[in-house]
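Note sheet for the following structure.
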Amino acid sequence: MLSELFQKSTLKDRYRYSRVIALRNGSIEVFTRSFFAENSTTGLVTSAEIGAEFRNATNGVHWLGTFYQLRNTSFAVAEEQNPNQVKQTIFFNLLFSISTLPLPEDEQSPSSHIINSSIIVDMLNNLYHNSKINETFLTCRILSLRSAGEVTVKVHAVCNFKNESKVQQLDRAVLYHEFRDKINNFLSLELYSLDNFTVDGYQEIIQTPISTTIEPTIPEFSAESGDLAFELRFTIINQRFTEQLQDKKSPEYKRMVLKLTALLTQLFRKSNLKDSYRTCEVIDLRNGSVKVISKIYFKPNNPTVPVTPDKVRAEFDELTNGTRWLANVYQLRSNSLFVGK
C-alpha cells in the first residue's frame with residue numbers, strides 16, 4: 001500500500017520501493033523504510049517532502065487506504081539513507097501482468113506451469129544478466145504478486161543496478177527496451193504471456209507486443225582448456241516436439257535452447273557444485289516428447305567437492321524433485337536422466 005501511495009504522488013519519478021522492517025505492540029506500531037533516487041534537477045528527496053505526501057494521501061494521517069485507521073500523532077519521518085549508497089545503486093520498479101496459457105488436455109498437470117516468485121525472479125535475473133547492461137546489473141526481487149483473475153498475476157518487482165558513469169547510462173527507457181527485446185529468450189511463451197509492462201511508469205505509446213516476433217540469438221560457445229565435460233540427457237513430457245524444434249535455425253528451437261540453458265545454469269549455481277560449475281550448452285532437441293541433450297562444464301576438480309558423473313546426477317535429481325520438474329516449467333520423465341562423460 002505504501003508503494004501504491006508514493007507511485008501516485010508527486011515523488012513517483014524518484015520513488016523506488018518500501019519495506020516493512022518491524023511491527024510492534026501498541027495497537028500495531030509499524031516501522032518502514034522507503035527508498036528514493038536522486039534527481040539531477042531536484043536532488044535528493046527530503047523527509048519534509050515525504051511527510052507532506054504521506055499526510056496528503058492519508059487524509060491527514062487518518063486512513064491508509066480503506067483498511068487501516070491511523071493514529072495521527074504517531075507519524076514520523078526520519079532520513080536514514082546513506083548518500084553514498086544513493087550514488088552507488090539505482091533502483092527501478094518493474095510492473096507487469098503475467099498469465100498462464102492453457103496446455104493441451106493430454107499434457108495438463110495441476111502444477112505444470114504455476115506462477116510463483118521464484119520463476120519470475122529467475123526470469124528477470126537471467127534476462128538482465130544476459131543483456132547489454134549486464135555490467136551494472138545486481139539483482140531483482142519481488143515486492144508483490146497480486147491475483148488479477150484465475151490465470152493472471154500482477155507483478156511488482158524492483159531491480160538494482162550499479163550507478164557507474166564509465167558504462168552505458170541507465171534510465172527507465174533502457175531497461176524497458178532490454179526487457180522488451182530479450183524476454184522471448186527467457187520466458188516460455190508456450191506457457192505464459194505478458195502484458196502491461198512498465199519501468200518506473202515508463203511505457204511506450206505504441207507498445208511492441210511481447211511475442212515471438214523478435215529473433216532470439218544463441219551466443220557462441222567455446223570450451224576452456226581443462227574443463228570437465230559431462231553429457232546430461234533428460235526428457236520433457238509437458239511439451240510436444242514440433243516441426244519447428246527439428247530446425248536448429250528456427251526461432252522456436254533457439255528460444256527453447258536459451259530457456260533450457262538458463263534453467264540448467266540456475267540449477268547448478270544453486271547446487272553443491274556451484275563453485276566448480278562454469279557453463280552449459282544444449283546440443284540438441286529430439287523427438288520423443290522432447291529429448292534434451294546437453295553438456296555441462298565444470299572447472300578442474302575441486303579437492304573438497306570432486307565432480308563426478310554420479311555427483312552431477314545426484315545434484316540434478318535432487319534439485320528437480322527426483323527428475324520430475326525443472327524449475328516448475330518443464331515436467332520430466334523420471335527415468336530419463338543420463339549423465340556420462
Using only the Cα atoms of the stretch 221-341, what semi-axes does the equivalent ellipsoid have when each is the square root of 5 times a gyration tensor eigenvalue? Give whole Å, largest first.
24, 16, 11
Straight-line reach check, Lys248, cutoff 16 Å on alpha carbons, 8 or more apart in-chain or any other chain, hits among lysines -> Lys259, Lys291
FRET efficiency estimate (nearest 0.05) - Cβ-Cβ, Gln88 to Ile218, R0 30 angstrom:
0.30
Between Asn116 and Arg269, what FRET efficiency comes out of the Förster formula 1/(1 + (r/R0)^6) with R0 = 22 Å and r the beta carbon distance, rounded to 0.05?
0.75
Using 0.36 nm per residue of separation minus the Cα-Cα distance, give me the extension gain between Lys299 and Asp13 in nm, one decimal.
98.5 nm
What nm distance separates the two modelled labels at His62 and Asp317, each placed 7 Å from Cα along Cα→Cβ?
6.6
Here the gain from full extension of Thr242 to Asn196, 0.36 nm per residue of separation minus their alpha-carbon distance, amounts to 13.6 nm
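Every read-out reported here was derived from the displayed coordinates using simple, explicitly stated rules and does not represent laboratory data. Worth saying up front: this structure is predicted, and the values here are computed from it rather than measured. Virtual Cβ from ideal backbone geometry, glycine too; neighbours counted across all protein chains shown.
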